[in-house]
Amino acid sequence: MRRYLIVGALLLCASFLFADDSVWWEGEDVLETNFPASTWFSETTFRDKVHLLSGGKWLTNADKRTGPAAYARYSVNVPAGGRYRFWCRKFWKHGPFTWRFDDQPWRTCTKDVLLTDSVEIRQHLCVNWVYLGRVALARGAHVFELRLLAGPGEQLTACFDAFYLTGNDAVVPGGAQRPLPPEGKPGPADWFPVAFYEDEFEKDSVIDMSALVEAPAGKYGFLKMKNGELRFEKSAAPVRFWGCGADFSDVGRDEMSRRARYLRKHGVRMVRQHPLQSVLGLLRPDGTLDPKALDKWDWWFAELKKNGIYMTWSLFYPHHVRRDEGYDLFDELPEPAWWMNDRSARSTSGLVNIEPALQDSEWRWAKAVLTHRNPYTGRRYVDDPALAVLEVHNEDCIFWHWPLNDLAEGKKMPRHSARLKRRWADWLKNEYGGDDALRRAWGAGMRTGDSLANPDMKIYAAWEMEADGPRLNKAEKQRMGDFVRFLTVLQRGYYEKRIGDLRSAGYKAVTITTAWRAGGPAADPANLYCDTAADMVSRHNYSGGGDGGHNIRQGKLDNFSHLGRPGSGILSSGMYQVDGRAFCMTEWTQKPPNQWKLEIAPLVAFYGMGLQGWDASFHFLNSGSMIGNGWPALSSYCTDTPHYIGQFPALAFAVYNGHIATPPPAAVRTVPLRRLFAGIDPLGQDFTGGGHDDKVLRGDQATPQEYLAIGPVLVSFDGRSAGTAPPARCWDRERRVVVSTTGELEWHYGRQLVLVKSPRTQAVIGKASDGPVDLPAVTLDIDTPFVSVIFTPLDNRELRSSRHVLITALARDRQTGTEYGADGTQLLKVGHPPLLLEPVRATVRLKGSPPRSVNVLDVYGVPTGATVPVDAAGSFRVDGTFASYYYEVKR
């Protein structure tokens with residue numbers, strides 16, 4: 001054990017006092033500890049990176065405990081009594097611990113914490129700030145103690161760099177240095193810092209949309225799909241869901257309750273858990289689930305339900321099997337996913353789509369969960385209408401590169417490949433009967449060795465399935481078309497069986513197959529047809545990001561803006577909307593450090609959910625109960641930022657109240673089933689850019705993406721619906737403007753500007769600083785280069801006559817110290833919290849009655865007491881001096 005006995009005046013040296021009454025102490029400056037003197041995480045193992053730690057050292061643990069749990073005590077001197085925000089700088093989510101000051105009750109920091117920033121020290125080693133909560137402390141000396149949550153024989157990685165107390169709610173830490181409080185009031189054009197802490201849910205918050213999220217979830221019965229729309233059993237009106245991914249966090253019940261309230265306040269009506277198996281683990285040998293994990297999940301589900309929030313379950317990503325389940329080709333299965341605790345299990349990714357034994361294993365797990373009775377709701381999950389949508393599995397289909405490329409090659413999974421080829425030969429024999437019929441059908445596409453007697457005929461990889469036929473030999477179109485049809489029989493058959501299993505078990509609500517697509521365009525329409533086995537088609541799409549991939553790092557970035565082409569990027573997924581089926585986006589985001597990402601949430605709400613009539617949207621990904629600071633955890637996927645959840649209240653209000661009308665289809669792309677299997681892409685729709693990229697439309701039959709900004713675009717496999725050609729006035733190619741058939745939406749792609757002109761919600765999105773903007777109920781003169789300004793009539797009147805208006809006004813964001821290259825394609829410096837927001841500088845005049853008051857709101861939507869002056873003509877000007885992105889207008 002290490003002990004540091006500090007007496008007399010030296011006691012004050014354990015913590016550092018600053019003029020703003022904040023307190024900072026180093027993790028290594030302990031009063032007493034039994035942490036080991038050194039580990040393989042000690043600073044001596046990265047001498048060239050010690051400057052990334054606040055004091056060049058830290059306190060580390062990496063050993064199994066042979067005695068009591070590891071602990072550390074510190075002496076802390078507090079300059080003034082009061083309530084402080086408490087922060088800890090530590091190694092990622094590793095090392096859950098309990099902590100307290102003096103004899104206060106112990107509090108817990110779990111592994112599921114919201115990380116504020118992230119500084120990489122070396123591969124798989126980083127340091128992050130974590131907010132621990134509020135603590136009340138009297139003036140004077142205190143003892144702070146932490147204890148790791150690991151007992152004897154357990155190995156626990158934990159590293160502590162620094163701790164920080166601040167009584168200033170405008171301050172958040174970032175990086176290795178003590179944060180400084182803001183210096184004075186920002187100027188009109190100054191980017192201003194924003195700090196976020198837990199929401200107190202004050203009653204006078206203007207952005208609280210809880211009333212639109214009726215509780216409890218399920219009060220109107222089960223969610224159903226009828227004629228391509230979602231409806232509750234006990235309601236005749238269609239219903240739409242503005243939501244987000246919200247994966248389970250193993251935190252205390254108070255924190256779960258806070259998270260549910262936070263989501264509801266911001267207008268979230270449904271959340272998606274992805275994947276559920278990562279929460280509950282595999283079935284135990286007796287066929288049951290871990291009771292501790294299940295109890296936590298049950299409580300979370302019940303808490304969401306109580307708050308009016310429905311759930312979508314993505315069950316698997318992917319499903320895993322154990323050797324003792326008896327799958328005959330177990331040794332060829334891939335290694336388990338990173339989140340899988342049982343490392344002896346194997347992944348069923350890709351192969352589950354064609355292997356009945358793996359499908360049966362999936363169902364054993366799903367049935368056990370769905371027929372479990374939740375003690376906190378009193379219902380089995382199949383009987384609970386709060387479980388509104390079930391997704392068979394996430395991002396997985398037989399037409400994707402994995403496993404099709406490896407099955408075609410036959411080297412990595414030779415026995416799986418051989419089995420698929422035998423099944424194809426049997427299917428062809430049933431279809432054609434003999435080689436003569438096969439030869440007549442395939443003609444010049446016959447390969448040497450092709451015969452119904454040959455169980456080893458060549459099959460196609462996904463990369464071969466090009467839009468105009470097989471890459472290596474275009475004469476093989478019908479041969480490849482037959483292979484696509486064979487795979488369609490397997491894939492759709494699997495989906496139909498699974499949905500039948502769900503119905504037999506008692507599940508009554510909405511189903512999704514998967515949100516994935518084919519690896520080659522010639523198979524993509526067939527894959528979409530397979531998805532119509534379920535009630536709702538789903539897709540994922542992403543844009544932005546950079547060299548960091550799933551994270552934000554210095555280097556190249558994708559600074560793409562959707563506004564340069566209507567219907568591009570994420571919105572292009574609307575091309576997958578099918579007549580007679582509901583449609584949703586279960587994952588989407590425009591990833592930071594893209595500078596224009598504030599555009600996409602309004603575009604999804606107004607064009608996707610409104611004009612296109614999508615039924616549900618799930619932004620990816622909510623992680624906690626408060627808005628994060630900076631670019632939270634430097635993650636590419638974060639709902640909890642001003643650009644996303646900060647715009648949710650205005651967007652949810654518009655979606656739920658039907659402010660943007662959905663007109664009849666602008667285009668219906670009819671594809672008879674026989675054309676799906678011609679060995680080409682009958683839709684003229686390609687995506688060879690890879691990943692989740694923008695769709696590339698080509699060929700005479702292609703429907704221009706711009707139609708997505710005119711009205712709904714549907715695919716029809718039965719020809720029941722027919723679209724009319726949109727009026728010529730809707731697309732002015734010379735002026736580069738697309739107007740919706742409703743007249744409510746204008747996309748000025750030549751200016752990179754969208755105008756929302758519905759009678760109620762009105763908005764300007766994009767580059768609006770080149771002249772006045774005239775909306776039906778408001779005029780604006782905007783100086784800021786790129787904005788999203790949304791006017792929401794909170795009394796649901798037409799905006800011109802509304803007496804209570806919320807203005808959501810956002811521009812670009814960046815972290816403190818962030819630097820971009822001159823052309824915007826390089827992130828030169830990542831920076832650190834706090835987040836800086838560019839102010840929207842604009843003169844605003846609402847048409848109709850002049851404002852009685854324009855109130856400045858804080859980040860929680862609560863009036864600050866400050867007001868914006870209104871001139872005699874009823875105009876007012878907002879800018880950086882108000883350091884806000886919410887304003888309330890009363891008339």
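The values are calculated or read from the model by the stated rules, or taken from the named source; none is laboratory data. Here the structure is a predicted model, which means the values were calculated and not measured. Methodologically, a virtual Cβ is constructed for each residue, glycine included, from the backbone with ideal geometry; neighbour enumeration extends over all protein chains shown. Ligands, DNA and RNA are stripped out before the accessible areas are found, and what is left, the full protein with its side chains, is counted by its heavy atoms. Shrake-Rupley method; radii C 1.70, N 1.55, O 1.52, S 1.80 Å.
List of remarks:
- Contacts under 6 angstrom Cβ, first residue in the range 744-771 being among the charged types (D, E, K, R), partner at pLDDT 95 or above and part of a strand (DSSP E or B), 6 or more apart: Glu744/Lys757; Glu746/Val739; Glu746/Leu755; Lys757/Leu775; Arg760/Pro793; Lys767/Leu753
- Top-ranked residue in the range 48-99 [being of a type in the set (Ser, Thr, Tyr) and farther than 29 Å from Ser623 by Cα; ranked as modelled with the lowest pLDDT]: Thr66
- Residue that is nearest to Phe196 (Cα to Cα) [pool: residues in the range 278-303 that are part of a loop (DSSP other than H, G, I, E, B) and either of a type in the set (Lys, Arg) or in contact with a strand residue (DSSP E or B) (Cβ under 7 Å, 6 or more places away or on another chain) (or both)]: Leu282
- Leu708 at pLDDT below 85 and not aromatic (Phe, Trp, Tyr): no
- Some residue of the range 254-277 being assigned to a loop (DSSP other than H, G, I, E, B) and surrounded by fewer than 17 Cβ atoms within 10 Å (Cβ to Cβ): no
- Any hit, the range 667-677, residues being modelled with pLDDT of 55 or more, open to solvent by less than 40 Å² (accessible area, probe 1.4 Å), of a type in the set (Val, Ile, Thr) and assigned to a loop (DSSP other than H, G, I, E, B): yes
- Matching option when the condition is touching a strand residue (DSSP E or B) at 6+ places or on another chain (Cβ under 6 Å), open to solvent by 10 Å² or more (accessible area, probe 1.4 Å) and among the small types (Gly, Ala, Ser), among Ala475, Ala467: Ala467
- Taken over the range 843-858, the criterion of being surrounded by fewer than 20 Cβ atoms within 10 Å (Cβ to Cβ) and β-branched (Val, Ile, Thr) is satisfied by Thr843, Val856.
- Annotation: of all residues in the range 498-557 being under 17 Å from the mean Cα position of the chain (by Cα) and over 30 Å from Pro833 (Cβ atoms), the one that is most open to solvent (accessible area, probe 1.4 Å) is Trp516.
- Filter pass, Arg178 being at pLDDT below 95, farther than 24 Å from Asp112 by Cβ and surrounded by 15 or more Cβ atoms within 10 Å (Cβ to Cβ): yes
- Selection count, the range 361-393, where residues are in contact with an Asp or Glu (Cβ under 9 Å, 6 or more places away or on another chain), aliphatic (A, V, I, L, M) and surrounded by fewer than 21 Cβ atoms within 10 Å (Cβ to Cβ): 0
- Scanning the range 210-227 for residues that are open to solvent by 70 Å² or more (accessible area, probe 1.4 Å) and at positive phi returns a single hit, Asn227.
- The residue that is most open to solvent (accessible area, probe 1.4 Å), among those in the range 278-301 that are of a type in the set (D, E, K, R) and within 30 Å of Glu214 (Cβ to Cβ), is Lys296.
- Residue check for Ser210: at pLDDT 95 or above, of a type in the set (Ser, Thr, Tyr) and touching a helix residue (DSSP H, G or I) at 6+ places or on another chain (Cβ under 8 Å): yes
- In the set (1) in contact with a helix residue (DSSP H, G or I) (Cβ under 9 Å, 6 or more places away or on another chain); (2) under 24 Å from Asp250 (Cα atoms); (3) at pLDDT below 90, the condition left unmet by Ile6 is number (2).
- Considering the range 859-891, and only residues there that are free of Cβ contacts under 8 Å to residues at least 24 places away in the same chain and in a loop (DSSP other than H, G, I, E, B), the residue that is farthest from Gln647 (Cα to Cα) turns out to be Ala872.
- Selection within the range 606-626 - within 14 Å of the chain's Cα centre (by Cα), open to solvent by 10 Å² or more (accessible area, probe 1.4 Å) and of a type in the set (A, V, I, L, M): Leu621
- Which numbered condition Leu230 misses (of (1) surrounded by 21 or more Cβ atoms within 10 Å (Cβ to Cβ); (2) hydrophobic (A, V, I, L, M, F, W, C); (3) over 22 Å from Leu114 (Cα atoms); (4) touching a helix residue (DSSP H, G or I) at 6+ places or on another chain (Cβ under 8 Å)): (4)
- Qualifying residues in the range 627-640 (those that are of a type in the set (Ser, Thr, Tyr) and open to solvent by 10 Å² or more (accessible area, probe 1.4 Å)) - the one nearest to Gly175 (Cα to Cα): Ser635
- Residue match in the range 824-842 (condition: without any contact (Cβ under 8 Å) to a residue 24 or more places away in the chain and open to solvent by less than 60 Å² (accessible area, probe 1.4 Å)): no
- You will find that of Glu202, Glu183, the residue that is open to solvent by 40 Å² or more (accessible area, probe 1.4 Å), under 26 Å from Tyr887 (Cα atoms), of a type in the set (Asp, Glu) and at pLDDT below 95 is Glu183 and no other.
Condition check ((1) part of a strand (DSSP E or B); (2) open to solvent by 10 Å² or more (accessible area, probe 1.4 Å); (3) touching a Lys or Arg at 6+ places or on another chain (Cβ under 8 Å)) across all residues:
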{"position": "Gly56", "(1), (2), (3)": "no, yes, no"}
{"position": "Asn77", "(1), (2), (3)": "yes, yes, no"}
{"position": "Arg89", "(1), (2), (3)": "yes, no, no"}
{"position": "Arg100", "(1), (2), (3)": "yes, yes, yes"}
{"position": "Thr108", "(1), (2), (3)": "yes, yes, no"}
{"position": "Asp112", "(1), (2), (3)": "no, yes, yes"}
{"position": "Ala141", "(1), (2), (3)": "yes, yes, no"}
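- Count of residues meeting criterion [crowded, with 24+ Cβ neighbours inside 10 Å and more than 19 Å from the chain's Cα centre (by Cα)] in the range 564-580: 5
- Looking across Leu351, Leu358, Leu304, one residue alone is open to solvent by less than 10 Å² (accessible area, probe 1.4 Å), under 23 Å from Lys219 (Cα atoms) and in contact with a helix residue (DSSP H, G or I) (Cβ under 7 Å, 6 or more places away or on another chain). It is Leu304.
- Among the residues here, Val484 does not qualify as open to solvent by 50 Å² or more (accessible area, probe 1.4 Å), modelled with pLDDT of 95 or more and under 21 Å from Val392 (Cβ atoms).
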